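A quick write-up on the structure given underneath.
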Amino acid sequence: MTTVVLWLFIVVGTCYSVLCSEDHLRDMDSFISAVEQAEESNPDLSPLALVRRLRRTAGHEDPLTLHFLGASNNISHTHTFVFNTTLFGFFDKAIHHFVTDRGEERGVVLTQDGTTVAIAPMLLGIEVGLKAKLEGTPPLGMFPLTLAKNLGLSFLSLQDFPPAQRLGPDGCWDNVTHPRVFQLSRVPTLATDALVNGGMDGSILGMDLATLAPSEQPGKLSKVLKGYYNHVLEGQDLGVVSSHISPKRREIAQALLGTLDTQRQVMETLYLVWRLEDTQWIAKDTGVEKAVRDGMLEFVHRYWDCPPIIPRCQWGAAPYRGSPFPLALPLPFLYIHHTYEPNRPCHSFRQCSRSMRAMQRFHQEDRGWADIGYSFVVGSDGYIYEGRGWHHLGTHTRGQNSYGYGVAFIGNYSASLPSRHALDLVRQHLAKCAVDGGRLQANFTLHGHRQLVDTSCPGDALYSEIRGWEHFGETSSSKKDQ
């Protein structure tokens with residue numbers, strides 16, 4: 001009897017290092033580690049049984065989820081598996097999504113690529129995919145559970161506000177090395193950036209699982225998550241990476257969902273929610289369709305047309321020295337630079353953030369500027385990094401700073417080009433985002449730094465590349481600022 005009691009104490013009371021503290025780290029690596037521990041303790045547990053147990057732990061049994069997925073204990077051997085107290089407490093806090101009165105978003109984690117993801121919609125998408133694979137049926141409920149419900153309710157709850165305020169916001173972690181608190185940048189909507197990221201990830205991973213070949217079985221949940229969130233580029237051009245990985249979530253999600261009539265699907269999801277919750281009367285509101293239409297236009301602009309931008313607080317920017325000077329928008333010019341130093345491209349959030357901090361220190365300490373000079377900086381990790389941003393005057397193109405944005409590619413591009421993916425982030429996404437958002441004039445002109453200042457920037461190779469871009473404009477040598 002003593003042996004049995006001791007064994008139960010060890011199993012139930014075991015405290016794994018990553019989970020021991022009540023104030024545990026809130027990053028994807030910690031979540032994956034906890035999933036691995038659950039899998040190792042229950043080697044015969046199927047991925048579907050595990051995600052259903054995770055859903056049950058977080059208490060996600062709302063009518064829409066039950067409609068598409070059934071009860072979380074609706075699987076033959078689920079009842080034989082119980083998390084130990086440490087894992088239960090960890091998963092309960094990691095998955096349950098809410099925002100505190102102080103604007104702290106819970107149920108979200110920091111990923112290796114520097115973005116923040118809500119766990120719940122990601123797991124719902126995976127469960128939809130696993131269920132479809134097991135039953136040999138279409139992945140019914142994928143868009144409603146991962147994105148449509150949150151989007152639709154957010155659009156309606158804030159329909160008296162401009163569309164741009166019906167989505168988001170993003171936020172910043174207290175510490176990107178040891179993240180514990182995620183503080184939102186403004187009053188939250190029902191579709192924060194983390195919820196949208198999690199929804200897109202859930203759709204991508206769920207569809208990957210649902211469309212596995214008939215002879216192929218789903219891998220462990222931890223392996224699925226590692227493959228998507230922990231991919232190491234090692235100098236690869238992100239554009240040629242064929243596997244689905246988190247830095248490419250926007251383009252993959254657009255390819256998967258962009259062919260759908262998303263506005264109609266959001267409307268249908270809302271009607272289904274109201275029917276399941278017996279609140280059909282709300283559907284009679286004549287403003288619903290307009291709110292959804294306007295909201296989805298903003299969603300496409302914000303999350304598919306615009307590139308992902310890492311905010312200043314996320315890469316560890318020092319404060320601006322003094323008071324920033326506002327720009328008069330929309331601007332007529334876009335100026336292309338290379339950083340020269342750092343002279344090598346960065347391929348991870350950690351590397352790119354380090355480069356951003358180094359450039360800011362150089363600009364502030366050595367050159368005496370108020371801040372990093374560029375408006376935006378482009379990494380080779382799939383992300384653009386916020387410098388002075390959309391609204392504040394930069395120090396990037398002498399004599400021209402008030403007329404345009406300065407965008408720099410990290411690296412020296414005298415003899416080689418940035419990755420094709422990095423180039424496309426600016427050419428196809430940042431420029432369109434700026435025009436559609438009223439920040440650049442529709443007929444803006446693009447220049448290389450050397451056209452306006454006596455410099456070799458942005459390097460011979462990059463300058464030759466941008467000369468073939470739409471909006472490139474020639475200049476006379478007399479316009480150069482010496």
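The values are calculated or read from the model by the stated rules, or taken from the named source; none is laboratory data. Note that the structure is a prediction, hence the values are computed from the model and not measured. As a convention, Cβ positions derive from the backbone with ideal geometry for all residues, glycine included, and neighbour counts pool all protein chains shown. Note: areas computed on protein heavy atoms with side chains; ligands, DNA, RNA excluded. Shrake-Rupley method; radii C 1.70, N 1.55, O 1.52, S 1.80 Å.
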Tyr340: surrounded by 15 or more Cβ atoms within 10 Å (Cβ to Cβ) and on the phi > 0 side of the Ramachandran plot, yes or no?
yes
Going by what's in this entry, would Thr65 be described as touching a Lys or Arg at 6+ places or on another chain (Cβ under 8 Å) and not small (Gly, Ala, Ser)?
yes
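Would you mind stating whether Ala408 is assigned to a helix (DSSP H, G or I), under 24 Å from the mean Cα position of the chain (by Cα) and buried (at least 21 other Cβ atoms within 10 Å of the Cβ)?
no
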Would you check if there is a residue in the stretch 171-188 being under 29 Å from Leu256 (Cα atoms), of a type in the set (A, V, I, L, M, F, W, C) and buried (at least 24 other Cβ atoms within 10 Å of the Cβ)?
no
Does the stretch 360-380 hold any residues that are open to solvent by less than 10 Å² (accessible area, probe 1.4 Å), of a type outside the set (Ser, Thr, Tyr) and part of a loop (DSSP other than H, G, I, E, B), and which are they?
Asp371, Ile372, Gly373, Gly379
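Among the residues of the stretch 381-403, which ones are open to solvent by 10 Å² or more (accessible area, probe 1.4 Å) and assigned to a loop (DSSP other than H, G, I, E, B)?
Answer for the stretch 381-403, where residues must be open to solvent by 10 Å² or more (accessible area, probe 1.4 Å) and assigned to a loop (DSSP other than H, G, I, E, B): Arg388, Trp390, His391, Leu393, Thr395, His396, Arg398, Gly399, Gln400, Asn401, Ser402, Tyr403.
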Any idea how many residues of the stretch 221-244 are in contact with a Leu (Cβ under 8 Å, 6 or more places away or on another chain) and free of Cβ contacts under 8 Å to residues at least 24 places away in the same chain?
1
Can you tell me which of Thr14, Thr65, Thr3, Thr78 is modelled with pLDDT of 90 or more and among the hydroxyl-bearing types (Ser, Thr, Tyr)?
Thr65
Which numbered condition Arg56 misses (of (1) buried (at least 22 other Cβ atoms within 10 Å of the Cβ); (2) in a helix (DSSP H, G or I)):
(1)
For residues in the stretch 145-170 being of a type in the set (Gly, Ala, Ser) and open to solvent by 10 Å² or more (accessible area, probe 1.4 Å), which is nearest to Tyr271 (Cα to Cα)?
Ser157
Would you pick out the residues in the stretch 346-397 that are within 21 Å of the chain's Cα centre (by Cα) and either among the charged types (D, E, K, R) or within 20 Å of Ser456 (Cα to Cα) (or both)?
Arg350, Arg354, Ser375, Phe376, Val377, Val378, Asp381, Glu386, Arg388
Report, ordered by the first and then the second residue, all pairs with beta carbons closer than 6 Å, sequence separation of six or more or different chains, a first member in the stretch 255-279 that is closer than 26 Å to His301 by Cα, and a second member that is among the charged types (D, E, K, R) and open to solvent by less than 50 Å² (accessible area, probe 1.4 Å).
Thr269/Lys149
Looking at (1) in a strand (DSSP E or B); (2) at pLDDT below 95, find the lone condition where Leu334 falls short.
(2)
